[in-house]
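In what follows, a single structure is set out as structure tokens and then discussed.
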Amino acid sequence: MKERLDELLAHILNPEIELRRRLFQLLSVIALAEFLFVSLYTVLSSENTGHKILMIAGTVLFALTVAMTFKTGKMRLGSCIAGLLYFMMYPLTFFSSGGMYGGAPVVFSFAMVYVFLITQSWERVLTLAVCILMSFACYYLAYTRPEMVIRHTVLVEHVESFLSILLVVLLFCTLFAFAQEVYRTENTIVQKQKKEIEELHQAQKRFFSSMSHEIRTPVNAVIGLNEMNLRISDQKEVKENCRNIEAAGRGLLQTVNEILDISKLETGGMEILPQEYQTIAMLSEIVTIIAIQAKEKGLAFTIDAEKSLPSVLCGDAVRIRQILLNVISNGVKYTREGSVSLAVSGEKKDDGQIIMIYEVRDTGIGIRRESIPYLFDAFQRVDAEATHKIEGTGLGLSIVKQLLDLMNGSVRVSSEYGKGSLFHIEIPQKIVDDTPIGTVDFTRIEQGEEPVYEAIFNGENIRILAVDDTPMNLLVVKKLLRDTKAIVDTASSGKEALEKTAQNRYDVILMDHQMPEMDGIECLKHLRTQENGKCRDSRVICLTANGGAEMEAMYLREGFDAFLIKPIRGKVLETAIRDVLQ
Ligand code: ADP
């Protein structure tokens, strides 16, 4: 018996079983116990025989219903039979056992709760309405025709009233205890799942960032050495091959960055880092990149920036550039002939803010009206037959939309299928310097002319130390800086770097982060406090394959003077060295 009861209790508290099923079992057990108790009491008391027979018959029928339901699991059928039993028993017991002075009203209030809890939707409303109507009819009849009610003795009335209170207390205490237990177990399950999801997110983050690091390292060698070939070769074909290698390398990097960004956005790890920036500089960077892409495809590219735009703004320029580059590159990618244009304007607000409006227009393949709502879904590429030959992951616009949401910005698309598209982007920015940018002449960059390589500084008197555990990276840095004439020494570990800084004075140190034994941050700390060290106040640039704007903030906090991400371009490396030396 005890085993059976334990088994039943374990079943009722098992969170894997549907709640309604467990509730049905719990309430049925209470109802059965109550039926048995009342029947026993009725048999032993001086009640009329008709009522005794009714109670025993009702108990047996109810016990059979519950047993059948437990056995077959047909809960719906079981609850229907129990409900029917209720409809039959209620008026009979009411009139045969004292009417409103007997135990029937309280017992059947319990029955109403029982039927309410185990039925669903319209069945629930219907049964409840019928139960209330029937109670009303019984009370009305007992009031208008009191002779229909067989009254108890005063003693039995008191005993029944007391038993009814016991029943109500038992019912509510059990229900509350059950509800509490359900809440506690559900809560434990939710907490456990939350922890598991968090661990999964962390693992995913670790995987993506190490994948990004592992891919960036060899791509650094490919792009860096390729740039050297481009610089030194005069042969048209070699140059063209180099440009193709470069484009493929950049494409690979973009895919890695997109996967990293999507993972950060999904785990809520993406942060917007506002900083002051020059409006023209930000636009020029975009135009420089896009003009080359457009020229390669034989498309015209134009930019038109409103004269009155403020010259210095505050916002996350890195992310804004990413958004615009994404949308404009799509314009170039999905246009076979014609043009792509960017129009920049602004709407000043009273609170020192400006809504920057970027409109990207193309004369490309266009987007069907019904596809527009799906454009911003991750991994979603629309119009398969038109786009399947064009490379893409379907992640770009999803990232664009999510970044805009983080910056309180917005994007709208209008398009005519087969004719072209218009992406209208709005981003609020803080005005730092309201001096108008005036008429900017982007013509030279719009042409997509590739600048002839020229070293940015003359490094004859500059000594540089490059620290990296990957020999290929050291080779790339050495080659990229060759034309500056700077003296470049190398060290393949933190320890070797410290040996060199104890002997020589270096103006600039290019430090990798992830190195075995002593990493770049540790090495920087030793360097700054090195006894007899000759580079305690040298400029140290972190040159790492760990991407991301938030990484930049971390490296600057750790004490680096600048941060560069691999793969590195010669011009960017030279500019950073020149800037830290200034
Ligand atoms: P993808 O890597 O495929 O370019 P995006 O998220 O950037 O991914 O774009 C999603 C889809 O939206 C693209 O696959 C393409 O079908 C459509 N699309 C985006 N921009 C344009 C455009 N300017 N013209 C036509 N179709 C576009």
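See the values below:
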{"quantity": "Stokes-Einstein translational diffusion, segment 95-159 - Kirkwood Rh over all Cα pairs, 1.002 mPa s, 20 °C, in µm²/s", "calculated": "166"}
{"quantity": "Mean Cβ neighbour count within 10 Å, used as a protection proxy, ranking 234-240, 560-566 highest first", "calculated": "560-566, 234-240"}
{"quantity": "Contact order normalised by residue count of segment 2-152, Cα under 8 Å, 6+ apart, percent", "calculated": "23"}
{"quantity": "For Ile272, residues with placed amide H under 5 Å, excluding near neighbours", "calculated": "none"}
{"quantity": "Packing rank of 221-231, 315-325, 31-41, 126-136, where each peptide gets the mean count of other beta carbons within 10 Å, highest leading", "calculated": "315-325, 221-231, 31-41, 126-136"}
{"quantity": "Lys239 versus Asn187: modelled label distance in nm, points set 7 Å from Cα along the beta carbon direction", "calculated": "7.2"}
{"quantity": "Relative contact order, percent, segment 75-132 [alpha-carbon distance under 8 Å, six or more residues apart]", "calculated": "34"}
{"quantity": "Relative contact order [Cα under 8 Å, 6+ residues apart], the chain, whole percent", "calculated": "11"}
{"quantity": "Contour excess over end-to-end distance, with Cα ends at Ala455 and Glu16 and 0.36 nm allotted per residue", "calculated": "151.1 nm"}
{"quantity": "Trypsin sites (Lys or Arg not before Pro) lying in DSSP loop within segment 439-539, provided at most 16 other Cβ fall within 10 Å", "calculated": "Lys485, Arg505, Lys534, Arg536"}
{"quantity": "Within segment 188-213: backbone nitrogen closer than 14 Å to the Val318 label point (7 Å, Cα to C-beta)", "calculated": "none"}
{"quantity": "Spin-label zone in segment 329-360 - amide nitrogen under 14 Å from a point set 7 Å from the Cα of Lys297 along the C-beta vector", "calculated": "329-342, 360"}
{"quantity": "Carbon plus sulfur fraction of accessible area for segment 149-215, probe 1.4 Å, in percent", "calculated": "69"}
{"quantity": "Rounded to 5, percent antiparallel among DSSP beta bridges of segment 284-427", "calculated": "80"}
{"quantity": "Using θ = phi - 60° and Karplus 6.51 cos²θ - 1.76 cosθ + 1.60, couplings along segment 323-334 (whole Hz; Gly, Pro as x)", "calculated": "4, 5, 4, 4, 5, 5, 4, 4, x, 5, 5, 9"}
{"quantity": "Protection-proxy order for peptides 97-105, 299-307, each taking the mean of Cβ atoms within 10 Å per residue, highest first", "calculated": "97-105, 299-307"}
{"quantity": "DSSP-defined beta bridges in the chain - what % are antiparallel, rounded to 5", "calculated": "60"}
{"quantity": "Alpha-carbon Rg with Dmax, taken over segment 271-446, Å", "calculated": "15.9, 48"}
{"quantity": "GluC sites (Glu not before Pro) lying in DSSP loop within segment 405-502, provided at most 15 other Cβ fall within 10 Å", "calculated": "Glu449, Glu454, Glu460"}
{"quantity": "Under-5 Å amide H pairs with Gly547, H placed in peptide plane, nonlocal only", "calculated": "none"}
{"quantity": "MRE, 222 nm, helices only [DSSP H, n ≥ 4, -39500 (n - 2.57), over the chain, to nearest 500]", "calculated": "-19500 deg cm²/dmol"}
{"quantity": "Length released on extending from His201 to Arg145, taking residue separation times 0.36 nm less the Cα-Cα span", "calculated": "13.0 nm"}
{"quantity": "Backbone HN-Hα couplings from phi across segment 194-208 [Karplus 6.51/-1.76/1.60, Hz, Gly and Pro as x]", "calculated": "4, 5, 5, 5, 4, 4, 5, 4, 5, 4, 4, 4, 4, 4, 5"}
{"quantity": "Amide proton proximity set for Ile367, modelled H, under 5 Å, gap of 5+", "calculated": "Glu416, Tyr417, Gly418, Gly420"}
{"quantity": "Spin-label pair Ser371/Ala137, simplified geometry with 7 Å Cα→Cβ offset, distance in nm", "calculated": "6.5"}
{"quantity": "Residue-wise HN-Hα coupling along segment 480-491, computed from phi with Karplus coefficients 6.51, -1.76, 1.60 (Hz; x: Gly, Pro)", "calculated": "4, 8, 4, 6, 7, 6, 5, 8, 10, 9, 10, 9"}
{"quantity": "Exposure rank, largest accessible area first [Met554, Met472; 1.4 Å]", "calculated": "Met472, Met554"}
{"quantity": "Share of carbon and sulfur in the accessible heavy-atom surface of segment 258-410 [1.4 Å probe, %]", "calculated": "50"}
{"quantity": "R0 of 22 Å, Cβ-Cβ distance Asp304-His424: FRET efficiency to nearest 0.05", "calculated": "0.90"}
{"quantity": "Sparsely packed GluC sites (Glu not before Pro) within segment 329-385, loop by DSSP, other Cβ within 10 Å at most 11", "calculated": "Glu337"}
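The values are calculated or read from the model by the stated rules, or taken from the named source; none is laboratory data. The model shown is predicted, which means the values in this text are computed figures rather than measured ones. As a convention, Cβ positions derive from the backbone with ideal geometry for all residues, glycine included, and neighbour counts pool all protein chains shown. For the accessible areas, the whole protein counts, side chains as well, though only heavy atoms, and no ligand, DNA or RNA atoms are used. Shrake-Rupley method; radii C 1.70, N 1.55, O 1.52, S 1.80 Å.
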